[in-house]
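Structure first, commentary second.
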Amino acid sequence: PAFKPCQLTTLSVFPQLQRLAFENWQQLSQNYHNSDSSKISDITDGQRYKEIKSSVGDSLISLIVNADGAPIFKSSNTSAWPLMCAVAELPPTARFNVDNMILAAVWCGRCKPTISLFVKAFVDELLQLCSTGITVTLGDGRTLTFQVRVVQVVADLPAKAQLLNQLQFNGTYGCSKCEHPGVRLEIAPVRVYPYGQYQLRTTESVSQQAQEAEEIRTPVYGVKGRSALYELVQIPDDVIIDYMHCVLEGVFKRLLSFWFSSEYHQQDFYLGRHRKRIDDKLIKICVPHDFGRKPRSLQDMTFFKGIPYTYRHR
């Protein structure tokens, strides 16, 4: 095969976290969460987060890890894969601010990253930080120490399969949450997962299947071997379903096509006759200033990306 040059750049997480902790120590110490324990409105209200926090105490910096690839130029197949982290203790308004994001690595080239190499420096450094924590010295001479943990990994399906070292969604046992084998359709080269009762994956079962797969050199229930992240997170519990691709650009996009495509104009659920009235309501929606895309007419539905679907989904 032709040689495809790639470049990997790694950045130390420690100084970035230390700067972030120094600049945001008050917010990090406020224990941001929903006061109503019966409601879940953010990651800090979830059971898994609370388990981690109870084991290390209130002074916690928990990281949301994301990896994804994107083309750099329209005229070539060169892509960049950033490995990034957000801090869950920051409120959502500040969490994804570019100044508060941690950049751990960037893979650039014409081929997908070798995951074990891509995340190695990040994993090694995070394991050290999980042991020692982050200490910052404030302006008045006080010192604060924060424990560091990885609480969540989020990626689209192709990137998730590589990070977990599992088969993709279009392969047998391609679901990362259960042991559903899926059914490959005859009329199209796709694999579907009909509703049914199947064994859920657990940390123990994934670990056992990974060990067996490495011994026999064959995937076991879709698991090809040990994940490069296995020392940092519990798989599959800490690897969440990608809401944007699965819900907004998946299920809800399909529902919109049913409701407004003229192909279904004779069906009771067809809403195309009310498009003008619905458009008027959509255009009047006032969105937060940090939303990159404003509400658009349903006539532009074929050009929608993830954010516009949120206006119609809520």
### Task
Provide the gained length on full extension for the span Glu263 to Arg217, in nm with one decimal, where the gain is 0.36 nm per separating residue minus the Cα-Cα distance.
11.8 nm
### Task
Go ahead and estimate [θ] at 222 nm for the chain from helices alone: -39,500 (n - 2.57) per DSSP H run with n ≥ 4, summed, over the residue count, rounded to 500.
-8500 deg cm²/dmol
### Contact order relative to length of the stretch 1-147, as percent, for alpha carbon pairs under 8 angstrom and 6 or more apart
29 percent
#### Entry: Label-point separation, Asn97 to Thr78 (7 Å along Cα→Cβ), nm
3.3 nm
### Task
With a 1.4 Å probe and every protein chain kept in, tell me what percent of the accessible surface of the stretch 221-301 is carbon plus sulfur.
53 percent
### Query
Accessible area per residue of the chain at 1.4 Å probe, in Å²?
59 Å²
### Task
Would you kindly derive the ³J(HN,Hα) couplings of the stretch 19-27 from the backbone phi angles with the Karplus curve 6.51 cos²θ - 1.76 cosθ + 1.60 (θ = phi - 60°), listing them in order in whole Hz, with x for Gly and Pro?
4, 4, 5, 5, 7, 10, 4, 5, 5
### Message
At 1.4 Å probe size, with the rest of the protein present, what percent of the exposed accessible area of the stretch 17-89 is carbon and sulfur atoms?
### Response
50 percent
### Query
Which order, highest average first, do 171-184, 195-208 follow once you tally other Cβ atoms within 10 Å for each residue and take the mean per peptide?
171-184, 195-208
### Message
As a test of reading the structure, rank Trp81, Trp25 by solvent-accessible area (1.4 Å probe, protein chains only), most first.
### Response
Trp25, Trp81
### Task
Sort out for me the Cα centre separation of the stretch 231-269 from the stretch 92-171, rounded to whole Å.
26 Å
### Message
Could you tell me the extents of the chain's C-alpha atoms along the three principal axes, largest first, rounded to whole Å?
### Response
71, 54, 46
### DSSP-defined beta bridges in the chain - what % are antiparallel, rounded to 5
80 percent
### Summary
In the stretch 162-208 the accessible area split gives carbon plus sulfur, as whole percent at 1.4 Å, a share of 58 percent
### Computed over the stretch 118-250, the ratio Rg/Rh where both radii use C-alpha atoms and Rh is Kirkwood
1.10
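The values are calculated or read from the model by the stated rules, or taken from the named source; none is laboratory data. Just so you know, these numbers come straight off a predicted model, no measurement behind them. Ideal geometry is used to build each Cβ from the backbone, glycine not excepted, and the neighbour counts take in all protein chains shown. Surface areas here come from the heavy atoms of the whole protein model, side chains and all, with no ligands, DNA or RNA. Shrake-Rupley method; radii C 1.70, N 1.55, O 1.52, S 1.80 Å.
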